[in-house]
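Engineer: Before I ask anything, here is the structure I am working with.
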Amino acid sequence: MKVELSSEKVKSDFVKKVEELSGQNILSCYQCGKCSAGCPSSYAMDLLPSQVIRMVQLGLQDEIVNSKTVWLCASCLTCSVRCPRGVDIAAIFEALRLVVTRDKDKLNYVEPSEITAEQLEELPQIALISNFRKFTG
Amino acid sequence: MKLFYYPGCTVKTKAKNLEASALAAMKELDIELVEVASWNCCGTVFGMSTDDLLHQLAPLRNLLRVKEQGGDKVVTMCSMCYNTLKRANHLIRTDEEKKKLLVDFMSEEPVHYEGEVEVLHLLEVLRDVVGFEKLKEKVKVPLQGLKLDPYYGCMLTRPQEIGLDNLENPTILEDFLVALGAEVIKDPMKTECCGSYHTVNAVEVVVERGYGILNSAVKKGADAMVLSCPLCDYNMDHRQREIVKKYVDFTGIPIFYFTQLLAIALGLETSVNHFDLNYVDPLPLLKKRNFVA
């Protein structure tokens, strides 16, 4: 994957925003990969969790936003509780989702109006509410 | 003994089999679970963003209701409610700045809430209030010979500050099942995530997870799986409909709420378990082993 690095990106508002929303120091990560090793969703991800964290460090907003990784996170917290540096990776992923879902120019990742009557009848409320909490703005 | 309990939305509808069996079994153990009056949805997931205080109000208002009604403890049986209520409670107890904002926001409530109420999962009540030794004495129908696979999912044990047991290797469900006389399977998949809310928009993810977790239980010789979370239950039980279509080697396994097995072991009427709400019917297994008539 070819990416363009620049000091502007590293010092960008995007990096500051993610740190502020997650309450995490993004530079704490030393890329050991334990989060990616334990993540039960990593098989389906185009970028591994540790790669996403590295990309946040480098301010690569477009690459992260165009990846499906943060939308495959189920907030199971396996990564966060195992991180040897105490980084709450799940909170960083939440911040990354919020950067997108709070952007008025972007669509919801899941559109509640498209949920069918059959789904509403069948699914437990906790599934619907948690899904909308994570995937809509 | 009376304890306040917070049901949550799903326990009142799709997971009535969890609520009814829990209330009946606890009554048998001389604990009356009193539903908190005027409760609201807990929000189902803890808001992890630092600026998202608004989503902390729903869980905290429920705890405020408990304090207002004279309680200092509240019991939940849904793992998601447990996690959300307990994390919000942890936040208001440990973050002075946010506590002030949250207390100020709810200043028109009849009482102020600053984290005084203790949030307990029903499994903790069974372990710490009833006691597994005492529970063992109350068992009328020991689940002898029943091989059960305990499944915790995520929300009972993570993160560490709110978990009810060891983070990587919890044993509370195993200890509970042993007290009921059952045989317990050791399964490394017991704290793996079921796919959670992806069941709404990415069923294929849940099917993959479900197959991995359920197949592990089957291969280890489990007769059934035992869990506490209504979302895990939906993904592990109801999604077997999709799993058997994709994986022909998988033929299905019954899924119990821990409270249903408790009710059986205490010798209660089968009707309190509402097995009609379980997708994979557990009755053939229970009848075959003579646990129910």
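Every read-out reported here was derived from the displayed coordinates using simple, explicitly stated rules and does not represent laboratory data. On a predicted model such as this, the values are computed, not experimentally measured, just so you know. A quick note on method: Cβ atoms are made from the backbone with ideal geometry, for glycine too, and the neighbour counts reach across all protein chains shown.
Engineer: Just for the Cα atoms in segment A:1-83, what are the lengths along the principal axes, largest first, rounded to whole Å?
Structural biologist: Result for segment A:1-83: principal-axis Cα extents of 34, 27, 21 Å.
Engineer: Could you run the Karplus curve 6.51 cos²θ - 1.76 cosθ + 1.60 with θ = phi - 60° over segment B:130-143 and give me ³J(HN,Hα) per residue in whole Hz, x for Gly and Pro?
Structural biologist: Each residue's phi maps through the Karplus curve to give 6, x, 5, 5, 4, 4, 4, 5, 8, 5, 9, 10, x, 7 Hz.
Engineer: Express the relative contact order of chain A as a whole percentage, based on alpha carbon pairs under 8 Å and six or more residues apart in sequence.
Structural biologist: Relative contact order comes out at 25 percent.
Engineer: Give me a comma-separated list of calculated 3J(HN,Hα) values for segment A:111-118, in order, Karplus coefficients 6.51, -1.76, 1.60 applied at θ = phi - 60°, integers in Hz, x for any Gly or Pro.
Structural biologist: 9, x, 5, 8, 6, 7, 4, 5
Engineer: Name the residues whose placed amide hydrogens come within less than 5 Å of the amide hydrogen of B:Phe256, ignoring near sequence neighbours (fewer than 5 apart) on the same chain.
Structural biologist: B:Met225, B:Val226, B:Leu227
Engineer: A follow-up question, please. Please compute the contact order of chain B in relative form: average sequence separation of alpha-carbon pairs under 8 Å and at least six residues apart, divided by the residue count, as a percent.
Structural biologist: Computed value for chain B: 20 percent relative contact order.
Engineer: Could you state the angle between the C-alpha long axis of helix B:54-68 and the longest principal axis of the C-alpha atoms of chain B, as a value from 0 to 90 degrees rounded to the nearest 10?
Structural biologist: Approximately 90 degrees, to the nearest 10.
Engineer: For a paramagnetic label modelled at 7 Å from the Cα of A:Asp103 toward its Cβ, which residues of segment A:48-72 fall within the zone defined by backbone nitrogen distances under 16 Å?
Structural biologist: In segment A:48-72, the label zone of A:Asp103 (backbone N under 16 Å from the point 7 Å along Cα→Cβ) covers A:56, A:59-71.
Engineer: Can you work out ³J(HN,Hα) from phi for every residue in segment B:176-182, in order, using Karplus 6.51 cos²θ - 1.76 cosθ + 1.60 and θ = phi - 60°, giving whole Hz and x for Gly and Pro?
Structural biologist: Per residue, the Karplus-derived 3J(HN,Hα) values read 4, 5, 5, 4, 7, x, 7 Hz.
Engineer: Can you compute the helix-only [θ] at 222 nm over chain B? Use -39500 (n - 2.57) per DSSP H run of at least 4 residues, normalise by all residues, nearest 500 deg cm²/dmol.
Structural biologist: So the calculated ellipticity at 222 nm is -11500 deg cm²/dmol.
Engineer: Which residue, B:Tyr257, B:Leu57, B:His90, has the largest displacement toward the positive end of the dipole of the protein assembly as shown when charges sit on each Cβ (Lys, Arg +1; Asp, Glu -1)?
Structural biologist: Among B:Tyr257, B:Leu57, B:His90, the one farthest towards the positive end of the dipole of the protein assembly as shown is B:Tyr257.
Engineer: Shifting gears a bit: Mind checking the dipole of the protein assembly as shown: about its Cα centre, +1 per Lys or Arg Cβ, -1 per Asp or Glu Cβ, Debye to the nearest 20?
Structural biologist: Taking the Cα centre of the protein assembly as shown as origin, the dipole is about 760 debye.
Engineer: Okay, moving on. Scan around B:Tyr5 for amide H atoms under 5 Å from its own, H built in the peptide plane at 1.01 Å from N, and keep only partners 5 or more places away or cross-chain.
Structural biologist: Residues meeting the amide H criterion: B:Val34, B:Glu35, B:Val36, B:Val75.
Engineer: Counting other C-beta atoms within 10 Å, which of B:Met77, B:Met1 has the fewest, and how do the rest follow?
Structural biologist: Sorted ascending by nearby Cβ count, the order is B:Met1, B:Met77.
Engineer: For each pair in A:Lys106/B:Lys12; B:Lys136/B:Lys287; B:Lys16/B:Lys245; B:Lys136/B:Lys245; B:Lys12/B:Lys73, compute the distance between the two Cα atoms and list the pairs where it is over 30 Å.
Structural biologist: Check vs 30 Å cut-off fails for A:Lys106/B:Lys12; B:Lys136/B:Lys245.
Engineer: Follow-up. Got a sec? How would B:Ser21, A:Ser80, B:Ser107, A:Ser28 order by Cβ neighbour count within 10 Å, fewest to most?
Structural biologist: Working: B:Ser21 26, A:Ser80 22, B:Ser107 7, A:Ser28 13.
The fewest-first ordering by Cβ neighbours comes to B:Ser107, A:Ser28, A:Ser80, B:Ser21.
Engineer: How high is the relative contact order of segment B:2-122, in percent, counting Cα pairs under 8 Å that sit 6 or more residues apart?
Structural biologist: Over segment B:2-122, the number comes to 29 percent.
Engineer: Treat the count of other C-beta atoms within 10 Å as a stand-in for reagent exposure and order B:Glu28, B:Glu108, A:Glu111 from fewest to most.
Structural biologist: B:Glu108, A:Glu111, B:Glu28
Engineer: Of B:Leu164, A:Asn131, A:Ala37, which is farthest on the positive side of the dipole of the protein assembly as shown, counting Cα position, with +1 on Lys and Arg Cβ, -1 on Asp and Glu Cβ, and the Cα centre as origin?
Structural biologist: Projecting each Cα onto the dipole axis, the largest value belongs to A:Ala37.
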